[in-house]
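Here's the structure, in structure tokens; my notes come after.
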Amino acid sequence: MTRRKVAMDCEELKSLVLRWIGREIECRPNGRDSLIATLPLLKPNGDAIEIGIQSIDSHKFKLSDLGDTYATLYLAGVDLLEEYVRGDEFRQVAIAHKIRDSEKELSVEATSGELVDRLFDFVHAIQSMLALQLTVRPQQEKRDFSTIVAKFLAENGASFEVPERVPGKTGRWKFNFVLNHVREETLVKALTATSKAQALRSSEQSMFEIRDVQEIKDTDAVVIADDEGYRREYWSPGTVRIFEGYGVPVFAFQGQREELTELAAKYRVNRGT
């Protein structure tokens, strides 16, 4: 039997696309005369792009990236102030799309008649800007901080082991050490960084992993931060608060050596018994 080809005209295709977009766009209120639209258009990491839409008057709207573009690039290690080439590319995109740049928020204005066109043009510009993070080559940390911490724990007689990946609610995560045998176990993250952005990224990821494990297991956790020399500047109060908000202690390896020694002593094996 010969199958008949199903014809589709342009109007039918447009109707299908519009219905799909209508189902995929999500909106939520964001204060008075404002909302946040989650679009079926993605960042390079696969997350949906969100745009703030605020009514200025009856005929004009402000579209905003809600500060997400700068934040995402910063966390990816793109310093637009220090890196001339990427910063220049970023500014060229902003100029080409007539974007207002406050160095915290990107925005454009649109009349009611041009709102949809400006929305998609704005999103296209944001995608181009976010693509700059794909040009960054990650810096490799040559300092073996985990080994330094292991030596410290061993010298202080602490009972510990290097675990396999620890299961959590959504995945299995790498922890540097588990303090154990003497009392209830404590998971240890030994974190070092080559920039403030990397310190923030690793802190956010580590806190997620700690919480994910604690969802299925009653366990304590601590973080030991590498603060040797210039690295101490990377662990800003804002970064440390990521852990403090969940009651996870953070120990500066050099600056809080006394507290770390006390922690190791709690897990010291009494060789006389």
Open item on the list: Every residue in the range 41-83 that is modelled with pLDDT of 85 or more, surrounded by 13 or more Cβ atoms within 10 Å (Cβ to Cβ) and of a type in the set (Val, Ile, Thr), please.
Closed with: Ile49, Ile51, Ile53, Thr69
Open item on the list: For Ala264, only one of the following conditions fails: (1) modelled with pLDDT of 90 or more; (2) more than 22 Å from Phe160 (Cα to Cα). What is its number?
Closed with: (2)
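Within the range 217-273, which residues are assigned to a helix (DSSP H, G or I) and hydroxyl-bearing (Ser, Thr, Tyr)?
Pass one, the range 217-273, residues assigned to a helix (DSSP H, G or I): 229-234, 237-244, 257-266.
Across the range 217-273, the qualifying residues are Tyr230, Tyr234, Thr239, Thr261.
Rundown of residues vs (1) over 32 Å from the mean Cα position of the chain (by Cα); (2) modelled with pLDDT of 85 or more, yes/no style:
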site: Arg3; (1), (2): yes, no
site: Ala7; (1), (2): yes, no
site: Trp20; (1), (2): no, no
site: Leu39; (1), (2): no, yes
- [ ] Name the residue, out of Ala150, Ala154, Ala158, Ala125, that is within 30 Å of Leu66 (Cβ to Cβ) and either without any contact (Cβ under 8 Å) to a residue 40 or more places away in the chain or of a type in the set (A, V, I, L, M) (or both).
- [x] Ala125
TODO: Looking only at the range 122-130, decide whether some residue is of a type in the set (Ser, Thr, Tyr), under 18 Å from Ile56 (Cα atoms) and at pLDDT 90 or above.
DONE: no
- [ ] Just need a number here: residues in the range 178-203 that are touching a residue at least 40 places away in the same chain (Cβ under 8 Å) and in a helix (DSSP H, G or I).
- [x] 7
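Got a sec? Which of Gly245, Gly157, Gly168 is under 30 Å from Val78 (Cα atoms) and surrounded by fewer than 19 Cβ atoms within 10 Å (Cβ to Cβ)?
On the way: Gly157 fails: under 30 Å from Val78 (Cα atoms); Gly168 fails: under 30 Å from Val78 (Cα atoms).
None of the others qualify; the one that does is Gly245.
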- [ ] Could you check, for the range 35-51, whether at least one of its residues is polar (S, T, N, Q) and within 24 Å of Trp20 (Cβ to Cβ)?
- [x] yes
- [ ] Of the numbered conditions (1) without any contact (Cβ under 8 Å) to a residue 12 or more places away in the chain; (2) surrounded by 15 or more Cβ atoms within 10 Å (Cβ to Cβ), Gln92 fails exactly one; give the number of that condition.
- [x] (2)
Open item on the list: Which condition from (1) in contact (Cβ under 8 Å) with a residue 24 or more places away in the chain; (2) under 23 Å from the mean Cα position of the chain (by Cα) is the one that Glu50 breaks?
Closed with: (1)
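Check the range 145-165 and report whether any residue there is basic (Lys, Arg) and not assigned by TED's automatic domain parsing to the domain that holds Leu260.
We begin by selecting, within the range 145-165, every residue basic (Lys, Arg); these are 151, 165.
Pick out the ones that are also not assigned by TED's automatic domain parsing to the domain that holds Leu260 and you get none.
No, because not a single residue in the range 145-165 is basic (Lys, Arg) and not assigned by TED's automatic domain parsing to the domain that holds Leu260.
Among the strands (runs of 3 or more DSSP E) lying completely within the range 28-85, list those that include at least 1 residues that are closer than 19 Å to Val108 by Cα and out of contact with any strand residue (DSSP E or B) (no Cβ under 9 Å at 6 or more places or on another chain). Write out each step before concluding.
On the way: elements: 34-42, 48-57, 60-64.
Answer list for the range 28-85: 48-57.
Being more than 30 Å from Leu18 (Cα to Cα), in the same structural domain as Thr38 (by TED's automatic domain parsing), of a type in the set (S, T, N, Q) and surrounded by fewer than 18 Cβ atoms within 10 Å (Cβ to Cβ) is the requirement here; does Ser128 meet it?
Details: more than 30 Å from Leu18 (Cα to Cα): no; in the same structural domain as Thr38 (by TED's automatic domain parsing): yes; of a type in the set (S, T, N, Q): yes; surrounded by fewer than 18 Cβ atoms within 10 Å (Cβ to Cβ): yes.
So Ser128 does not fit the description; no.
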Task: Long-range neighbours under 9 Å by Cβ, at least six apart or interchain, first residue over 24 Å from Val213 (Cβ atoms) within the range 230-249, second at pLDDT 85 or above and among the charged types (D, E, K, R) - done: Arg232/Asp226; Glu233/Asp227; Tyr234/Asp226; Tyr234/Asp227
- [ ] Might you let me know whether the range 205-226 holds any residue that is surrounded by 14 or more Cβ atoms within 10 Å (Cβ to Cβ), hydroxyl-bearing (Ser, Thr, Tyr), touching a helix residue (DSSP H, G or I) at 6+ places or on another chain (Cβ under 9 Å) and farther than 28 Å from Gly157 by Cα?
- [x] no
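The values are calculated or read from the model by the stated rules, or taken from the named source; none is laboratory data. These numbers were taken from a predicted model, which means no experiment stands behind them. Glycine gets a Cβ as well: all are built from the backbone with ideal geometry, and neighbour counts include every protein chain shown.
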